[in-house]
Amino acid sequence: MAKILGIIGGGQLGMMITEAAKKMPEYISKIIVLDPTENCPAAQVGAEQILADFKDKDAIVDLANKSDIITYEIESGDSDVLKSVEKNAEINPSPETLKIIQDKFLQKSLLVENGIPVSEFIKIEKIEDIKEGIKKFGFPVLLKARRDAYDGRGNFKINSDDEIQIAFDYFKEQNLLLEKFVPFKMEVSVIASRNTKGQIKTYPLVENIHEKSILRETIAPARVTEQVTKKAEQIAEKTMAVLKGAGVFGIEMFVTQDNNIIINEIAPRVHNSGHHTLQSSETSQFEQHLRAILGLDLGSTKLLHPTIMYNILGTKSFEGEYIPLTLSEPNVYLKMYGKQISKPLRKLGHFNLVAENGETIEELMKKLEPLKEKVVTQPLH
Ligand code: ATP
Ligand code: MG
């Protein structure tokens with residue numbers, strides 16, 4: 001029988017999961033999202049909404065009572081609360097998997113224990129620990145919040161001794177870790193999935209370009225050698241076997257100067273660098289996530305066409321309502337997230353630029369330049 005799907009978080013990721021779910025009426029009869037923003041993106045495409053904070057225990061219990069199966073678009077959920085409602089609804093990825101992944105220290109420790117390469121790191125409890133770490137790693141180092149970071153906001157790069165105190169104070173009472181800086185050649189990621197039966201599939205390796213720690217462009221496939229691609233995909237598969245939970249996971253990696261792969265971090269959810277799959281692949285990451293948590297066979301992850309995904313971020317110069325964006329160009333697929341207010345660097349939408357007739361990534365890159373100008377947000381009034 002078709003199930004009722006509950007999603008914690010109804011932002012753009014919840015929105016695109018909702019849209020995928022609506023195309024699977026034989027498996028999913030209704031979608032309910034828990035989100036604190038009135039008329040959140042997912043609600044705008046047909047999800048019912050429970051208006052409450054992500055951490056509101058009563059609201060999570062309410063969602064579990066109303067749903068057969070629960071998933072999430074954010075990793076900051078309270079894994080203990082989720083564990084406590086497991087008798088009411090099946091939760092995927094599991095609260096155990098979430099608990100490990102949402103804490104960067106536990107996550108990296110698990111990877112190291114299983115022989116999966118990550119940058120060297122240590123736990124930080126007092127300022128002296130940072131000094132010890134710097135002795136070991138040398139400058140620069142990254143001080144990171146263990147939990148609830150996004151878009152690089154949980155990171156502080158320390159370049160010299162006089163920045164140690166500033167960095168430590170920046171985080172106030174948060175739990176921290178210190179990480180060796182990786183002078184990477186490229187950032188890449190693998191969108192990987194594992195269904196409830198243990199079947200694992202990965203999408204081809206993609207290349208990610210960040211601006212001010214925010215993802216700006218994803219290039220599918222990554223411009224690396226076959227060997228690097230193989231290495232990354234093997235590491236992704238091994239990681240999925242270690243993590244156990246069901247669903248789609250975004251595995252962010254660095255390609256080092258000597259062409260090795262190390263994992264930066266894992267997101268236990270659909271990932272911004274997988275948005276290209278909406279047009280580039282037979283199965284989008286959103287459909288794949290649903291297939292994984294429903295225990296269906298995973299869909300094909302073959303890349304049908306090289307594609308560049310470009311994130312539309314709010315213009316730095318203003319905050320407020322903006323003139324609606326349109327793009328009507330061949331092979332360009334614009335997706336706006338229904339957010340009324342533009343804020344500096346806020347993720348408002350994205351577009352996919354898809355290759356035709358054997359176009360190369362280089363040719364797509366040229367086509368991309370003038371398109372960037374057309375998606376700059378301007379004040380409405
Ligand atoms: P996200 O931006 O994915 O939401 P986040 O805020 O948790 O995640 P990270 O992924 O840890 O942050 O880091 C953000 C960016 O900072 C990375 O994409 C990378 O560019 C850079 N970075 C992080 N760790 C390192 C490192 N050890 N060495 C070099 N650069 C790093
Ligand atoms: Mg990251």
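The values are calculated or read from the model by the stated rules, or taken from the named source; none is laboratory data. Fair warning: this is a prediction, and the values are worked out from it, not measured in the lab. Reconstructed Cβ throughout: ideal geometry from the backbone, glycine too, with neighbour counts over all protein chains shown.
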Item to check | Residue under evaluation residue 161, criteria (1) within 16 Å of ligand 2 (Cβ to nearest atom); (2) in the same structural domain as residue 131 (by TED's automatic domain parsing), criterion not met | outcome: (1)
Checklist entry - Is it fair to say residue 166 is of a type outside the set (Gly, Ala, Ser) and in contact with a Leu (Cβ under 8 Å, 6 or more places away or on another chain)? => result no
Checklist entry - Could you say which residue among 213, 273 is within 13 Å of ligand 2 (Cβ to nearest atom) and surrounded by fewer than 21 Cβ atoms within 10 Å (Cβ to Cβ)? => result 213
Checklist entry - Do we have residue 307 as closer than 20 Å to residue 204 by Cα and surrounded by fewer than 17 Cβ atoms within 10 Å (Cβ to Cβ) here? => result no
Checklist entry - Out of curiosity, is residue 128 more than 10 Å from ligand 1 (Cβ to nearest atom), among the charged types (D, E, K, R) and assigned to a helix (DSSP H, G or I)? => result yes
Item to check | Candidate set from region 229-240 (those that are more than 10 Å from residue 193 (Cα to Cα) and either out of contact with any Ser or Thr (no Cβ under 8 Å at 6 or more places or on another chain) or among the aliphatic types (A, V, I, L, M) (or both)); member that is surrounded by the most Cβ atoms within 10 Å (Cβ to Cβ) | outcome: 232
Checklist entry - Does residue 155 meet the test of being away from ligand 2 (no atom under 16 Å from the Cβ) and either within 19 Å of the chain's Cα centre (by Cα) or polar (S, T, N, Q) (or both)? => result no
Next on the checklist: I need every pair where a residue in region 359-380 that is surrounded by 13 or more Cβ atoms within 10 Å (Cβ to Cβ) has its Cβ under 8 Å from the Cβ of a residue that is basic (Lys, Arg), sequence separation at least 6 or different chains.
Outcome noted: 361/223
Checklist entry - residue 141: modelled with pLDDT of 95 or more, surrounded by 20 or more Cβ atoms within 10 Å (Cβ to Cβ) and touching an Asp or Glu at 6+ places or on another chain (Cβ under 8 Å), yes or no? => result yes
Checklist entry - What do you reckon, is residue 345 of a type in the set (A, V, I, L, M, F, W, C), closer than 19 Å to residue 308 by Cβ and touching a Leu at 6+ places or on another chain (Cβ under 6 Å)? => result no
Checklist entry - Looking at region 151-177, which of the residues that are at pLDDT 95 or above and closer than 19 Å to residue 267 by Cα is farthest from ligand 1 (Cβ to nearest atom)? => result 176
Item to check | Pair list, Cβ under 7 Å, 6 or more apart: region 82-95 residue hydroxyl-bearing (Ser, Thr, Tyr), other residue buried (at least 20 other Cβ atoms within 10 Å of the Cβ) | outcome: 94/245
Item to check | Test result for residue 218, within 16 Å of ligand 1 (Cβ to nearest atom), touching a residue at least 24 places away in the same chain (Cβ under 8 Å) and surrounded by fewer than 24 Cβ atoms within 10 Å (Cβ to Cβ) | outcome: no
Item to check | Which numbered condition residue 338 fails, given (1) out of contact with any helix residue (DSSP H, G or I) (no Cβ under 6 Å at 6 or more places or on another chain); (2) in a loop (DSSP other than H, G, I, E, B); (3) under 21 Å from residue 274 (Cα atoms) | outcome: (1)
Checklist entry - Within region 188-211, is even one residue within 11 Å of ligand 1 (Cβ to nearest atom), outside the structural domain of residue 290 (by TED's automatic domain parsing) and free of Cβ contacts under 8 Å to residues at least 40 places away in the same chain? => result no
